[in-house]
Amino acid sequence: MNHNTNINHTSSTITAGHQVPPLFPFCSPTEMPCHCLSFIYPEIAQLSQDGDIVLGGIFYFHSSWKNREDMYTQKPLALQCISLLLFYQLTCRPLVNLKSSLNFREFQFAQTMLFAIEEINNSTDLLPGVSLGYNIYDTCGSIPKTIKVALALNNENVNTSSNSDTLCTKPVQVQAIVGETSSSPSTAIGTLIGPFHIPLISHFATCACLSDKTKYPSFLRTIPSDYYQSRALAQLVKHFGWTWVGAVRTNDDYGNNGMATFTETAEQLGVCLEYSVSFFRTDSTEKIHKVIETIQASTSKVIVAFVSHLDMDVLIHEMANYNLTGYQWVGSESWISDSQIAVVDKNHILDGAIGVSIPNTHVSGLREFILDVRPLRSLNNDLYKEFWETLFSCKFKHEKSDENYRECTGQEDLTGVENSFTDMSLMPIFNNVYKGVYAVAHALHEILGCGKICNNNVQLDPLTVSMYNILQHIQKIHFKTKEGEEVYFNENGDPAAKYEVINWQPRENGIVDFITFLENESVNLLLLQVPVSMCSEKCPPGTRKVLQKGKPVCCHDCIGCAEGEMSNITDAVTCVRCPPESWSNERRDACVKKEAVFLSYNEIMGILLTTAALFGTCVTAIVTIIFYKNRKTPLVRANNSELSFLLLFSLTLCFLCSLTFIGQPSKWSCMLRHTAFGITFVLCLSCVLGKTMVVLMAFKATLPGRNLMKWFGPTQQRLSVLAFTLVQVIICILWLSISPPFPSKNLKEFKEKIILECALGSAVGFWSVLGYIGLLAVLCFVFAFLARKLPDNFNEAKFITFSMLIFCAVWITFIPAYVSSPGNFSVAVEIFAILASTFGLLICIFIPKCYIMLLKPEKNTKKHMMGKGPPKAF
């Protein structure tokens, strides 16, 4: 394994370099030697190796830098990464417990690039006869330094004289750049090198903004865009029913753009954000504490963290001081699969975290290459010393030594060392670096027309091997790695989006297992306790959601559906009104058929009225029997026995016709009840009217010169009764012919019931029937009133008068009661009016006579009947 590197910045032979104009043309290359203006602080590659074709690498081996204050009266200071050695130089004393900003993960990325280049250089199938070199720079995580490094990769710094301060620039020194890890630095580099079509292939910059080819025409990546990851996270949150979540993001292009897409998708899925806060790892402690206080004051139990692993490290350390546990974390690929985050999470803040990550993979030989640190001993520079000291937790001997720490010998062995450098959990990201290097190699292989050996003539042709030509070929390549994974880019320079769900499940010993959810779904369904995070509880069936004023759409109150409305789904927005013949049940979650009610024989009111009608019929029958047995007595004969029997018959019909009003209405019962009632009552009143007129005329005819009885004989009495009754029959026939009564469903009186009743059909017909009955009743009353002064012994006019008073009072009272009574009560009122008026006629006209016939038979004589007595005042 040839893994040698050289930190001495020497001029690389770039025979395939395309003559790109220098970004800072201090002097023309054709005019060398010349006196050139110099870079103030030239960038030096941390790792470099010559080759026929050189690739650039940009990583941040350090994650922070020393703050500086430029005084505009002198040269600005060079940006310096914070390292243990720098701290020692500034303080003149070493600190054993000082935490270095050295980023082992970036070292692993850089070593993966070296591994891929070494594999290609040793390959006889890919770029045979062509060696790849590299220049790898450290940016310290600073965007200004990243831009300066990109400038250095575009224009190589070369000494033009013995004076080291005099530097000139040569044409671009690299054919492609691998990096940067983060999105914001990648946007800066992409903007800078885009016009020169230098390919930039990132392994971990996921911001969807980088897919814009108008801004970043030469940017490609081997990791999917955040556009897909953000949507996947939103769908994951929705899958578990979390509709009320908080959001934390890194305040850079990665966090801001990723969270913007998540928020948009979440809103479409009905997920609300209670808060969305941002921070950066270099922010003040006070600002980070405000982020934590926002989380602490929230009501949501789920936190979506679109945060880089470095920022997550800072956040977890600060949250540990607040002992904020019990939250469900949903993480992006930047930290969810990073085992080192789980290691620093001593307070188990992230237990049960879930998120999406790119699928796990394996690159054969890479793990052994990374862990073989012996070749790094040749890096006799400050970066190597800090790397070695941090890796093995020791210190090289300085001028001022301290006996409190172990001294590094340079011969340490990794056996038994467990830290982030020996952790291979980020193998999928290593694989992305590996694929990026191989993508460039495959493009060069096609450009150079390599067979068993590459064409040197083509290799030396700057018009053929140009950055633009390389970029075009990279965009079109499609190959398989040695592990069988397909590599290609779409029109935006993005690979195919593939994700797997990761779930953190802690063991009893504190170690966290990263379980792939999709591959072990059944296990996770048994072990995972899904928390609940909602602004408002789900509205059960029978209620509807009403948004709370001034709050997100996920915050609502549950209002019960009104009567006659229902909702049969959870979280119903509106309640649905039931059909006219249906009504909501008590829970308001279904419509049920309304209860159909009518005056039936089974209810108490129906039973009482039926009993009253039958009782009246029986009494009438008894009276008829009494009258029939005493039909030859003076009392019966004197009161027109024929009309009396006809009247008793009509009274019986009146009692019986009331029964037609009880029971479920039908077509025939509706027509029968009103017509039978109208005709029988007219028959009854016609008999009463005939009796009254006969009595009145009989006494009037005794006066001298009067011959009236010939007009009121038996035949005339029958004809009068027939004529009066026939008029009512005609009215009823017209009513039934034009618009007869019919059964109907009254849906208005009671909301929860249907009243089955008989509609009148023609109101004119109904009131004509009643009006005619009223007319006859008035006539009876008038004639009875005129006969009130006849002799007492023979006079029944006063009883007819009383009966008509009762009759008229009942029916006058009936009209408003009938109109105002709801539902089947109007039917009961009508039956009551029929029975009351019928009982009034029966009692007033016939009971006194029965009393005489049964209890005072001595008065039932012709002598008594013909007796004269003084009339009584009425």
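The values are calculated or read from the model by the stated rules, or taken from the named source; none is laboratory data. None of these values were measured; they are calculated from a predicted model. Neighbour counts are summed over all protein chains in view; Cβ atoms, including those assigned to glycine, are modelled from backbone coordinates with ideal geometry.
Among the residues of region 343-376, those identified as within 36 Å of the chain's Cα centre (by Cα) and closer than 26 Å to Glu483 by Cβ are Gly355, Val356, Ser357, Ile358, Pro359, Asn360. Please determine whether any residue of region 599-618 is over 30 Å from Phe839 (Cβ atoms) and among the small types (Gly, Ala, Ser). No, region 599-618 contains no residue that is over 30 Å from Phe839 (Cβ atoms) and among the small types (Gly, Ala, Ser). The numbered conditions (1) assigned to a loop (DSSP other than H, G, I, E, B); (2) of a type outside the set (A, V, I, L, M); (3) closer than 18 Å to Gln505 by Cβ are all true for Thr299 except (3). Among the residues of region 290-302, the ones that are of a type outside the set (Gly, Ala, Ser) and surrounded by fewer than 16 Cβ atoms within 10 Å (Cβ to Cβ) come to 5 in all. A count restricted to region 311-336 and to residues that are over 21 Å from Pro506 (Cα atoms) and crowded, with 24+ Cβ neighbours inside 10 Å stands at 1.
The C-beta contact set for region 652-674 (first residue touching a residue at least 12 places away in the same chain (Cβ under 8 Å), second residue buried (at least 24 other Cβ atoms within 10 Å of the Cβ) and polar (S, T, N, Q), distance under 7 angstrom, 6+ apart or interchain) comprises Thr652/Thr620; Leu653/Thr680; Cys654/Thr680; Cys654/Thr838; Phe655/Thr620; Phe655/Thr838; Cys657/Thr680.
In the set (1) among the polar types (S, T, N, Q); (2) crowded, with 18+ Cβ neighbours inside 10 Å; (3) on the phi < 0 side of the Ramachandran plot, the condition left unmet by Asn640 is number (3). Against the condition basic (Lys, Arg) and under 35 Å from the mean Cα position of the chain (by Cα), how does Lys301 come out, does it pass? The answer is yes for Lys301. Using the structure shown, decide if Glu446 is acidic (Asp, Glu), modelled with pLDDT of 80 or more and either assigned to a helix (DSSP H, G or I) or surrounded by 19 or more Cβ atoms within 10 Å (Cβ to Cβ) (or both). Criteria met by Glu446.
Scanning region 732-771 for residues that are surrounded by 20 or more Cβ atoms within 10 Å (Cβ to Cβ) and not in a loop (DSSP other than H, G, I, E, B) yields Cys732, Trp735, Ile754, Ile755, Leu756, Glu757, Cys758, Gly765, Val769.
Screening Val694 against (1) modelled with pLDDT under 90; (2) closer than 25 Å to Ile604 by Cα leaves a single unmet condition, (2). In summary, Thr282 fulfils each of the numbered conditions (1) surrounded by fewer than 18 Cβ atoms within 10 Å (Cβ to Cβ); (2) in a helix (DSSP H, G or I) with the single exception of condition (2).
A quick yes/no check of all residues on (1) of a type outside the set (Phe, Trp, Tyr); (2) without any contact (Cβ under 8 Å) to a residue 40 or more places away in the chain; (3) closer than 30 Å to Val827 by Cα; (4) part of a loop (DSSP other than H, G, I, E, B):
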residue: Lys545; (1), (2), (3), (4): yes, yes, no, no
residue: Cys558; (1), (2), (3), (4): yes, yes, no, no
residue: Ala572; (1), (2), (3), (4): yes, yes, no, yes
residue: Pro579; (1), (2), (3), (4): yes, yes, yes, yes
residue: Ser600; (1), (2), (3), (4): yes, no, yes, yes
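Restricting attention to region 247-273, the residues that are buried (at least 22 other Cβ atoms within 10 Å of the Cβ) and either in a strand (DSSP E or B) or under 13 Å from the mean Cα position of the chain (by Cα) (or both) add up to 6.
Taking region 653-681 as the range and being among the aliphatic types (A, V, I, L, M) and surrounded by fewer than 23 Cβ atoms within 10 Å (Cβ to Cβ) as the test, the residues that pass are Leu653, Leu656, Leu659, Met671, Leu672, Ala676, Ile679.
Scanning region 218-241 for residues that are more than 22 Å from the chain's Cα centre (by Cα), among the aromatic types (Phe, Trp, Tyr), part of a loop (DSSP other than H, G, I, E, B) and over 30 Å from Glu293 (Cβ atoms) turns up nothing. Regarding Ser650, is this residue surrounded by 22 or more Cβ atoms within 10 Å (Cβ to Cβ), closer than 22 Å to Lys798 by Cβ and in the same structural domain as Cys684 (by TED's automatic domain parsing)? Yes. It is to be established whether one or more residues within region 772-784 are closer than 30 Å to Lys863 by Cβ, at pLDDT below 85 and surrounded by fewer than 19 Cβ atoms within 10 Å (Cβ to Cβ). For region 772-784, residues closer than 30 Å to Lys863 by Cβ, at pLDDT below 85 and surrounded by fewer than 19 Cβ atoms within 10 Å (Cβ to Cβ): absent.
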